């Protein structure tokens, strides 16, 4: 069993740890860090008691920020913020995504800008460690910042929201009681702190970057498999073509190592879908780096509003999230390009003049259809990706009576990017199925290398033979294999020499 993550400093809860927590790791907060949170909370309460308007604490929010709240209203305002803003509905974020969001919300609180209590941080940890899944909507979030999804998350904590169970959603108070927990009561400024910032987008961006990195590894392995099957010319993977491009050098080296040398290629020039795959993967690596950079800035930057910095409350625009949204949209474009080139290579695998095998990779052309409909599945998924390809980060629409006249739609960008990665994984599974079919049809002796090992592992997971069967089941099996890590580490596996 993996030990709990001990967070003694804010920096202990980084991007890698967010992924670990998303995947189920427990969390513990070190006492020195808890004391730092308590000390900052005391400062915040002292500053609040000195008087003066503080947005969302002594005033209303948005267009109602000019309304000064009396003491009675201030006492109920922080929990009340979770009510009318919880306008979302199913579909909800997955358990993995929700755990990442809660871990990121905790991380941003530990920067101390929000000035929340140690008790709130500890309650977040309790909800995480009990495996509970607050119901957080994944779409239809047309607000500046993340007020709608965070109101749902906050409502789950204070008892007005819902938690997701195996049989649907359950009232928060009921789910908390079943776990031996009580609803949390937000103190002064804690409610407005809970719904500010971009923890949802940041968490999902980290997951997208992680999942896209896995996709790079797996695409390199599938590309090498297709190149080996068709006897593709290795010239496009020559390291001398990557001058001045470190990412391209890494990709080409890995493909060469997996595919191995070839003295007599079947054709002088392979189809373009083989030749441009390396540069496409290199661009995907750059897009992933940009997403990780945006997430790192969001984790360390000032995203709370009002933020408590240098003894005073400062209104910010750190909840906008355009940096994250724009980088996620760019990553989605790179992922869609990956799927397009995979679908194109799959089509080439059906052609005898490319593979030297039976047309459509059919066990008996005419009687058996082979992989022709598998390619149609890949085409259908790719087409659906293209119809959803518009950048989610563009298209501002005024809300809040003009107070919010710009939105970044950053959560929508993150969700669309994660969806594209899922779709690309299915397209890649279709190409991998065709490779397995081709290897079985060719009955070529294995070289015993790592590529052979990977293809054999995929083949062993499928029914035997090359005859027609419901190949959708095979695609589902291979998609699950890819999601579980088939070919992970390929990019780092290749030897370091040229």
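What follows draws every value from the coordinates through simple rules; no lab data is involved. Every value quoted in this text rests on a predicted model; they were computed, and no experiment measured them. Every residue, glycine as well, gets a Cβ built from its backbone with ideal geometry; the counts of neighbours run over all protein chains shown.
Placing one identical point scatterer on every Cα of the chain and ignoring solvent, what is log10 I(q)/I(0) from the Debye formula at q = 0.11, 0.14 Å⁻¹? Log-scaled intensity ratios, in q order: -0.92, -1.25. Beta bridges per DSSP, both residues in the chain: antiparallel share near 75 percent. Relative to the longest principal axis of the Cα atoms of the chain, helix 246-259 runs at roughly 40 degrees. Give the angle, between 0 and 90 degrees and rounded to the nearest 10, that separates the Cα long axis of helix 95-109 from the longest principal axis of the Cα atoms of the chain. The answer is roughly 50 degrees.
A full extension of the chain between residue 65 and residue 11 corresponds to an added length of 16.0 nm, given 0.36 nm per residue minus the alpha carbon distance.
Note on segment 395-485: semi-axes of the ellipsoid equivalent to its C-alpha gyration tensor, largest first and rounded to whole Å, are 44, 13, 9. Taking 10 °C and 1.306 mPa s as conditions, segment 192-275 diffuses translationally at an estimated 106 µm²/s according to Stokes-Einstein applied to its Kirkwood radius (Cα pairs).
By the equivalent-ellipsoid construction on the alpha carbon gyration tensor, segment 362-422 comes out with semi-axes of 43, 9, 6 Å, ordered largest to smallest. Rg and Dmax of segment 117-173, both derived from C-alpha coordinates alone, stand at 11.9, 34 Å. For segment 151-221, the alpha-carbon coordinates run over 50, 33, 17 Å along the three principal axes, in decreasing order. Based on alpha-carbon atoms, the Kirkwood radius and the radius of gyration of segment 203-493 give Rg/Rh equal to 1.06. When each of the peptides 20-27, 337-344 is scored by how many other beta carbons lie within 10 Å of its residues on average, the order from highest to lowest is 337-344, 20-27.
Of the Cα atoms belonging to segment 183-328, the radius of gyration and Dmax stand at 22.6, 74 Å.
Could you please state, rounded to a whole Å, how far the C-alpha centre of segment 232-289 is from the C-alpha centre of segment 292-327? Their Cα centres are 39 Å away from one another. Against the chain, whose longest principal axis comes from its Cα atoms, helix 471-484 is set at around 50 degrees.
With r as the distance between the Cβ atoms of residue 488 and residue 372 and R0 = 25 Å, compute the FRET efficiency 1/(1 + (r/R0)^6) and round to 0.05. With R0 = 25 Å, the Cβ-Cβ based efficiency is 0.25. Alpha-carbon geometry of segment 5-194: the Rg and the Dmax are 16.3, 49 Å, given in that order. Pairs of Cα atoms in segment 267-335 fall into 5 Å distance bins, from 0 up to the last occupied one, in shares of 3, 15, 17, 14, 12, 10, 8, 6, 5, 3, 2, 2, 1, 1, 0 percent.
Segment 12-112 has equivalent-ellipsoid semi-axes of 31, 22, 9 Å, by the square roots of 5 times the alpha carbon gyration tensor eigenvalues, sorted largest first.
Its convex hull of Cα atoms gives segment 324-410 a direction-averaged projected area, equal to a quarter of the hull surface, of 7.4 nm².
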